[in-house]
Amino acid sequence: MNLLFCDTAERALADSQLHNIVKMAYLDPPYNTGRKFNQYSDSSPLKDWLAMLERTLTGVRETLMEDGSIFVHLDDRYIHRVRCIMDDVFGDRNYVGTMIWEKKNRGSFLHAHLADVTDHILIYAKDKSKMAPLVHSSTEVGKRIPIHNKGNKPSVLEFPAGSMTFNFSDRTIPAGEMNTPTIDSDLLDDLIVENGTNKNAFRMSGPFRYGQDAVNKMAETPGAFICPRQMLRPSYVSQESRGKVLTNLQSFRVNGSPTNEDARAESEAIFGAEMGASFDTPKPEALLERLIAAATEPGDTVLDCFAGSGTTLAVAQKLGRNWVGVELNPDTITSYIGPRIDGILAGTDPLPMDGYTPSTNTYAIHTGVTEMAA
Ligand SMILES: C[S@@+](CC[C@H](N)C(=O)[O-])C[C@H]1O[C@@H](n2cnc3c(N)ncnc32)[C@H](O)[C@@H]1O
């Protein structure tokens, strides 16, 4: 059963049932912008705001498992102050990195001196030596990856007999140049194509993406390489989904990361135009998907103790993770988080996520001492 606390983060986190159960915490707290949003006031004396964050971060540390991690989302105003607090609470040896998220396509004319188009996500481990790399799956099974890679140092590779399939009729291709305008590559042995595969082992020279050891390993699967044309430009056909470590730049230009505009459109799709537009600070689901998928496995528990419209909790639910949420404003729980999770449980969520099995776990709301099952 997932848990949703209607309380301050620091009070909720003192609940000992939350200790050592969280694999990943994502916090998107008020940034102390001095603004008054529809749902909450974002203005506190700096000292009070920093003290509240320090108490909350200390509480989050108690909830983390030994291999757990925490992501704190902020703008650049006070990130240096919060990083110092996190160095104290988590230890600077457990600093993992700072992710930069490009939140806007362009700066606003309202920015007087420097247009601000990025937010920052501070990442710490409870114990970095136990934390797994932040890997997201990027290579699907069956994806073709060209063997040649322009710019790499030329080398010679040998392809074992039977390791390549050819999409043209059987023939013998004599050794010789296989140059294109951009890549120089030679076939060093005559190649006999019989029954759609290479009858003999053959060598090629060129700028290759892989070394011989990797090619030998890939060639253990017959037909691991495919060559569609007689101009030999083979590709490796990926046999497994392989992970890539997340980069610290999440950008719509570089890796298709969603922006605040996407988050607003999602809110309107989920809550309707009026309600969606009136929640001021939602984050996009695909950003949370990237982070949660990289930091947790299905069945792990995700914590968001400034839950807002419930983006983290909704994505955790859709990715088959358990979750604990905390939100101070009861109206935000009844108007946003509750309906959003209920929609996922009822199968009416307008933004289902491909490739995951959603959790069917329901949730209980804790309001101080009373508890109400959903
Ligand atoms: C920036 S918003 C979070 C937005 C959220 N990530 C989303 O995608 O909708 C911060 C939220 O924290 C809540 N909040 C403010 N102070 C809090 C506190 N001390 N404890 C728990 N929640 C708090 C606010 O009501 C607001 O909903």
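Observations
- The residue pairs whose first member lies in the stretch 315-343 and is under 23 Å from G59 (Cα atoms) and near the ligand (Cβ under 9 Å from one of its atoms), whose second member is part of a helix (DSSP H, G or I) and not charged (D, E, K, R), and whose beta carbons are closer than 6 Å, counting only pairs six or more residues apart or on different chains, are V326/A9; V326/A12; E327/I333.
- The single condition from (1) crowded, with 17+ Cβ neighbours inside 10 Å; (2) touching a Leu at 6+ places or on another chain (Cβ under 6 Å) that T197 fails is (2).
- Which numbered condition Q39 fails, given (1) in contact with a strand residue (DSSP E or B) (Cβ under 8 Å, 6 or more places away or on another chain); (2) within 11 Å of the ligand (Cβ to nearest atom): (1)
- Checked across the stretch 110-119, the condition of being without any contact (Cβ under 8 Å) to a residue 40 or more places away in the chain and polar (S, T, N, Q) holds for no residue.
- Subset of the stretch 169-185 (residues that are among the hydrophobic types (A, V, I, L, M, F, W, C) and in contact with a Gly (Cβ under 9 Å, 6 or more places away or on another chain)): M178, I183
- Single residue of K199, K217, K153 found to be within 30 Å of G355 (Cβ to Cβ), at pLDDT 90 or above and basic (K, R): K217
- When the stretch 278-305 is filtered for residues that are within 16 Å of V72 (Cβ to Cβ), among the polar types (S, T, N, Q) and more than 9 Å from the ligand (Cβ to nearest atom), nothing remains.
- Test: residue in the stretch 250-257 that is under 27 Å from R55 (Cβ atoms), out of contact with any helix residue (DSSP H, G or I) (no Cβ under 9 Å at 6 or more places or on another chain) and away from the ligand (no atom under 14 Å from the Cβ): no
- The set of residues from the stretch 278-306 being touching a Phe, Trp or Tyr at 6+ places or on another chain (Cβ under 9 Å) and among the aliphatic types (A, V, I, L, M) comprises L287, L288, L291, I292, A293, A295, V302, L303.
- With respect to (1) in contact with a Pro (Cβ under 7 Å, 6 or more places away or on another chain); (2) away from the ligand (no atom under 11 Å from the Cβ); (3) among the charged types (D, E, K, R), the lone exception for K47 is condition (1).
- Flag if G355 is within 15 Å of the ligand (Cβ to nearest atom) and in contact with a strand residue (DSSP E or B) (Cβ under 9 Å, 6 or more places away or on another chain): no
- Search result, residues across the stretch 8-36 that are near the ligand (Cβ under 9 Å from one of its atoms) and touching a residue at least 24 places away in the same chain (Cβ under 8 Å): T8, A9, E10, A12, Y26, L27, D28, P29, P30, Y31
The values are calculated or read from the model by the stated rules, or taken from the named source; none is laboratory data. From a predicted model like this one, the values you see are computed outputs, not experimental measurements. Cβ: placed from backbone, ideal geometry, glycine included. Neighbour counts: every protein chain shown.
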